[in-house]
1. Pull out all pairs, ordered by first then second residue, where Cβ-Cβ is under 7 Å, the residues are six or more apart or on different chains, the first lies in segment 82-95 and is at negative phi, and the second is among the β-branched types (Val, Ile, Thr) and not in a helix (DSSP H, G or I).
2. Need the failing condition index for Ala139 against (1) crowded, with 21+ Cβ neighbours inside 10 Å; (2) under 22 Å from Pro176 (Cα atoms), just the number.
3. Quick test for you: out of Phe129, Phe71, Phe115, pick the one residue that is among the hydrophobic types (A, V, I, L, M, F, W, C), modelled with pLDDT of 95 or more and over 23 Å from Lys154 (Cβ atoms).
4. Condition first: in contact with a Pro (Cβ under 7 Å, 6 or more places away or on another chain) and surrounded by 24 or more Cβ atoms within 10 Å (Cβ to Cβ). Now tell me which residues in segment 80-107 satisfy that.
5. Sort through Gly190, Gly205 and tell me the only one that's of a type outside the set (A, V, I, L, M), farther than 24 Å from Arg119 by Cβ and modelled with pLDDT under 95.
6. Step by step: first the residues of segment 225-252, then only those that are in a helix (DSSP H, G or I) and basic (Lys, Arg), then the one that is farthest from Glu212 (Cα to Cα). Which residue is that?
7. Need the failing condition index for Ser52 against (1) in a helix (DSSP H, G or I); (2) touching a residue at least 12 places away in the same chain (Cβ under 8 Å), just the number.
8. Would segment 22-30 turn up any residue that is modelled with pLDDT under 95 and either closer than 27 Å to Leu137 by Cβ or in contact with a Ser or Thr (Cβ under 7 Å, 6 or more places away or on another chain) (or both)?
Amino acid sequence: MKLFRLFLLVSLLAACASQGGGSAGTPQDDTTHAQKVARIHTELAGMYYDRSQYGVALQEVAVALKADSSFPQAYNVRALVRMALHEDDKADEDFQHSLRLDGTNSETHNNYGWFLCQRGHMKESFKQFQDALDNPLYATPEMAYLNLGLCSRKAGMMKDAESNLQRALTLRPDMPNALYGLADLNYGKGDFAAAKSYFNRFSQGTPELNAEQLWLGVRIARKVRDYDSEASYALQLRKNYPDSREAQLMSQGQ
């Protein structure tokens, strides 16, 4: 599942509507046009990134940077693509370059923090998440709290993990990844009633559960002796993901 949200500049197409009149051809107009072209192609790159069409996304970023080589969000998107392609050195370079151009962009701080977390640089990732949260204009702080919570758990900091996931839910009560994270965390610490409550809220808002999620549902249902739910999740797991590791674990009675 996607654990962070790529920030895309809103109303780009509207902002890039045809310009009537004015002094076309002046340096100021050229700069404005270049920025608009960069924004449009960066948005397109982000859309292709979301669809895992990484080659096309890189082509769109190249067009954006050709129009405006100092457009920070283009480097942010390219960093995400390079992260997905495991070109870690290039991704790190792009994240840092984006932040040199615009150090106040909380979405870039959040994305960079997630990258660092996934690569095992926990202390550095926490700083990036905090930098994102320190910006009072950050439109989606729940994303940084979510990622901070997930990365805190990865680092074994369970109290911090729970606290930050709860903060994410306070800001967005129906946030699926936070609900799932808290279900998993509470299962791990043996609070099965809380795990069931969070998992039920998560599953109600999720159209189709993947193998990992169904397996957690099976295990929680077993612990609270909810045999109907256990049977339902188990059936979905066997039917939809018969070759998954989770289905194999279930068949082995684990």
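1. Between residues of segment 82-95 that are at negative phi and residues that are among the β-branched types (Val, Ile, Thr) and not in a helix (DSSP H, G or I), there is no close pair.
2. Against the list (1) crowded, with 21+ Cβ neighbours inside 10 Å; (2) under 22 Å from Pro176 (Cα atoms), Ala139 comes up short only on (1).
3. Numbers: Phe129 fails: over 23 Å from Lys154 (Cβ atoms); Phe115 fails: over 23 Å from Lys154 (Cβ atoms).
That would be Phe71, the only listed residue that is among the hydrophobic types (A, V, I, L, M, F, W, C), modelled with pLDDT of 95 or more and over 23 Å from Lys154 (Cβ atoms).
4. Of all residues in segment 80-107, those in contact with a Pro (Cβ under 7 Å, 6 or more places away or on another chain) come to 98, 101-102, 105.
Of everything in segment 80-107, just one residue is in contact with a Pro (Cβ under 7 Å, 6 or more places away or on another chain) and surrounded by 24 or more Cβ atoms within 10 Å (Cβ to Cβ), namely Ser98.
5. Details: Gly190 fails: modelled with pLDDT under 95.
Going through Gly190, Gly205 in turn, just one is of a type outside the set (A, V, I, L, M), farther than 24 Å from Arg119 by Cβ and modelled with pLDDT under 95: Gly205.
6. At the first step, the residues of segment 225-252 found to be in a helix (DSSP H, G or I) are 227-240, 245-251.
Remaining after also requiring basic (Lys, Arg): 238-239, 245.
Numbers: Arg238: 12, Lys239: 14, Arg245: 9 Å.
Top of the filtered list is Lys239.
7. Looking at each condition in turn, Ser52 falls short on (1).
8. Narrowing segment 22-30 to residues modelled with pLDDT under 95: 22-30.
Okay, now just the ones that are also either closer than 27 Å to Leu137 by Cβ or in contact with a Ser or Thr (Cβ under 7 Å, 6 or more places away or on another chain) (or both), so 28-29.
Within segment 22-30, one or more residues are modelled with pLDDT under 95 and either closer than 27 Å to Leu137 by Cβ or in contact with a Ser or Thr (Cβ under 7 Å, 6 or more places away or on another chain) (or both).
The values are calculated or read from the model by the stated rules, or taken from the named source; none is laboratory data. Owing to the predicted nature of the structure, the values given are computational and were not obtained by experimental measurement. Positions of Cβ are generated from backbone atoms using ideal geometry, with glycine treated the same way; all protein chains shown enter the neighbour counts.
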